[in-house]
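Notes to accompany the following structure.
The values are calculated or read from the model by the stated rules, or taken from the named source; none is laboratory data. The structure presented is a predicted model; accordingly, all values stated were derived computationally and were not measured. No Cβ is skipped: glycine too gets one built from the backbone with ideal geometry, and neighbour counts run over all protein chains shown.
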Amino acid sequence: MAAGGRGRRRRRLAGLVAALVASAACMVEPVRQPAEPTGSRQPASPSAEVTRADGTDTVEEFQQDIADAQRLAERYWTEQFQASGQSFRPIRRIIPYQRDGEVSCGGQELPRNNAVYCTVSDFIAYDVNWSFGAFRQIGDAFVFYLLGHEYAHGVQTRLGIRYNFTVQQELQADCMAGAYLGDSVRAGTLILDDGDLDEFNEGLLAVGDDPGQPWFAEDSHGSPEQRAESFFRGYERSLSACDLG
């Protein structure tokens, strides 16, 4: 996967693992341990016009992926808001943390093994050790999806969107993340390799609610099929498929 204009690297998209829980002040992602990847990924040389992922697993690559994903999301949503005659205010901060309670959102301490969009303070925070571990096991797709989904929650806040049930909020954010990635691919600012969409699908199917989870429960996010369907609806049809009207 590639984001425009940073370095000469090649990334291969892999399946991703992320699940989300919303609270009144924060939207929090509890960890689900990713499966060990199969196969190997060989680096190659991209053009200078795009940032491509490769199969490396260094701290430097991870940090660059975080920066690329943030920059691409900011660019995408700025363009979308401008197209509708509005200005877009980027999310205020993206904060890595390592310890339980190191970061708080609306008085709620954030535990390890989480990623958060904090509504009241307008920031994204992520457990850097957990995220880096998932990055090494799964690939850079984890980073781009994670930032894309959390950015979608920030956009929901900016648009004043608040559903009665968590599952509605989360499925819409999945759709918006799909639109962000699909539109970026169509615009040429993001590049996918063969098989990447299959890996997205496998990853999304892995993060749905367990069987028997009530759809109306506060921490419901949708079944595996619902999450994959929402993401790919946005990916294929853009934001018009995400009930933003």
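Numerical summary
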item: Selected residue [surrounded by fewer than 16 Cβ atoms within 10 Å (Cβ to Cβ), part of a helix (DSSP H, G or I) and of a type in the set (S, T, N, Q)] from Ser240, Ser230; result: Ser240
item: Among residues of region 76-88, those that are on the phi < 0 side of the Ramachandran plot and either in a loop (DSSP other than H, G, I, E, B) or surrounded by 17 or more Cβ atoms within 10 Å (Cβ to Cβ) (or both), counted; result: 7
item: Residue satisfying all of: in region 105-132; small (Gly, Ala, Ser) and surrounded by 18 or more Cβ atoms within 10 Å (Cβ to Cβ); modelled with the highest pLDDT among these; result: Ala125
item: Residue ID - surrounded by the most Cβ atoms within 10 Å (Cβ to Cβ), chosen from residues in region 133-163 that are of a type in the set (Val, Ile, Thr) and in contact with a helix residue (DSSP H, G or I) (Cβ under 9 Å, 6 or more places away or on another chain); result: Val143
item: Residue list for region 186-212, restricted to those being modelled with pLDDT of 90 or more and either of a type in the set (S, T, N, Q) or surrounded by 15 or more Cβ atoms within 10 Å (Cβ to Cβ) (or both); result: Thr189
item: Counted residues, region 158-183 - those being among the polar types (S, T, N, Q) and either touching a Phe, Trp or Tyr at 6+ places or on another chain (Cβ under 6 Å) or free of Cβ contacts under 8 Å to residues at least 12 places away in the same chain (or both); result: 3
item: For Asp219: the one exception among (1) in a helix (DSSP H, G or I); (2) more than 16 Å from the chain's Cα centre (by Cα); (3) touching a residue at least 40 places away in the same chain (Cβ under 8 Å); result: (1)
item: Enumeration of residues in region 89-104 that are within 19 Å of the chain's Cα centre (by Cα) and surrounded by fewer than 21 Cβ atoms within 10 Å (Cβ to Cβ); result: Arg89, Pro90, Arg92, Arg93, Ile94, Ile95, Pro96, Tyr97
item: Unique residue being within 15 Å of the chain's Cα centre (by Cα), modelled with pLDDT under 95 and within 19 Å of Gly182 (Cβ to Cβ) when the list is Glu150, Glu74; result: Glu150
item: Filtered residues of region 55-99 (kept if out of contact with any strand residue (DSSP E or B) (no Cβ under 6 Å at 6 or more places or on another chain) and basic (Lys, Arg)); result: Arg71, Arg75, Arg89, Arg99
item: Candidates Val120, Val143, Val116, filtered to the one that is part of a loop (DSSP other than H, G, I, E, B), aliphatic (A, V, I, L, M) and either closer than 17 Å to Ala179 by Cα or out of contact with any His (no Cβ under 8 Å at 6 or more places or on another chain) (or both); result: Val120
